[in-house]
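First comes the structure, then the notes that go with it.
The values are calculated or read from the model by the stated rules, or taken from the named source; none is laboratory data. Everything numeric in this text was worked out from a predicted model, so none of it was measured. Neighbour counts run over all protein chains shown; Cβ positions are idealised from the backbone, glycine included. Only protein heavy atoms, including side chains, enter the accessible area calculation; ligands, DNA and RNA are left aside. Shrake-Rupley method; radii C 1.70, N 1.55, O 1.52, S 1.80 Å.
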Amino acid sequence: MPKRNAAQKAARAAQQTTPGTGYQSALNRARATTPPPASPAPEPAPVSEPAPAPIKAPKVHTYGPRQFPDALGLTEWEFERAQRIGAVPSPDVAGRWSEDALTATAARMSEIREQIGTMPDVGARRAEEHLSQRFGITVVPGTAAELSRRGHLPVRDYYKGHALYCGVTLERFKDRRKVVRASAAGRLYMRDEAARALNLRPTDFAHLVRAGLLAPATTVLSSVPPRVVVPLYRQADMDRAVRSRRVDWDAVRATPPGRPSPLAKLPDAKR
């Protein structure tokens, strides 16, 4: 038997309490006053547990080849020198420096600055100016190259073909006599100046060079256009040439202008 709803039950009850009441009219009144049955509440949707967030490894702070010296307060040349002499560590994290490496290096900065000094590697002119001021003497061009030739001043690099001399050595150079000797031996002359210094005619000097008794120590470009290569002759090489027993220097110097040079008899230098 079908189940009666609330309105039908109310209509039957009204018929019983009020005789003569028609069922249909009682049902209509009951439907008007009886609230509709509540619809069943929907079942809650299952709540899925959120996936756990992946645990990120802490970011490691590292320093590149520019950041590392900047953090230490080192200029480019200071850092290059510190690396060359081993005063700073090599990169320890994939070609970069770690925070620990920076901290350890920063704690040694006084020691590092003592090692690298305060003077960068410089060219010959600045090196000679520094030595002149340091010792209060005249230092002629060619002195730096002569000191290097004698093993007293290392060449650290080259810039546009010109030597760069060690700034640490220059800064700590103490032997004045070595500078004086190098300045005397390393002095450079152009061809005509060299001939006058040797008391020779230009033709005599040209025969010395042709015969291989004298050769340029270096060359420079002339400052006046057209730029040409100018050979420079070193004092020590000129002194060695005049000590040669192949030449009668008294006869050479006694030859008057316009007469053939006794040096013309010298054979050409072997190539």
Ranking by accessible area, most exposed first, for 174, 270 with a 1.4 Å probe
270, 174
What figure in square angstrom, to the nearest 10, would you give for the accessible area of residue 261 with a 1.4 Å probe?
10 Å²
In whole Hz and in residue order, list the ³J(HN,Hα) couplings for the stretch 154-167 that follow from phi through the Karplus curve 6.51 cos²θ - 1.76 cosθ + 1.60, θ = phi - 60°; x for Gly and Pro.
x, 8, 9, 6, 10, 10, 6, x, 9, 5, 10, 9, 4, x
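Once the Cβ-Cβ distance between residue 132 and residue 199 is put in as r, and R0 is 25 Å, what FRET efficiency do you end up with, to the nearest 0.05?
Calculated value: 0.30.
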Note to self: C-alpha centroids of the stretch 80-117 and the stretch 221-271 sit apart, in Å, by 53 Å
Would you mind calculating the gained length between residue 210 and residue 224 on full extension (0.36 nm times residue separation, minus the Cα-Cα distance), in nm to one decimal?
2.4 nm
Could you work out the relative contact order of the stretch 49-165, using alpha carbon pairs under 8 angstrom and six or more residues apart, expressed as a whole percent?
20 percent
Need one value: the accessible area of residue 188 in square angstrom, 1.4 angstrom probe, rounded to the nearest 10.
50 Å²
Using each residue's phi in the stretch 209-225, evaluate 6.51 cos²θ - 1.76 cosθ + 1.60 at θ = phi - 60° and report the 3J(HN,Hα) Karplus result to the nearest Hz, with x for Gly and Pro.
5, 4, 7, x, 7, 8, 9, x, 7, 6, 9, 9, 8, 4, 7, 9, x
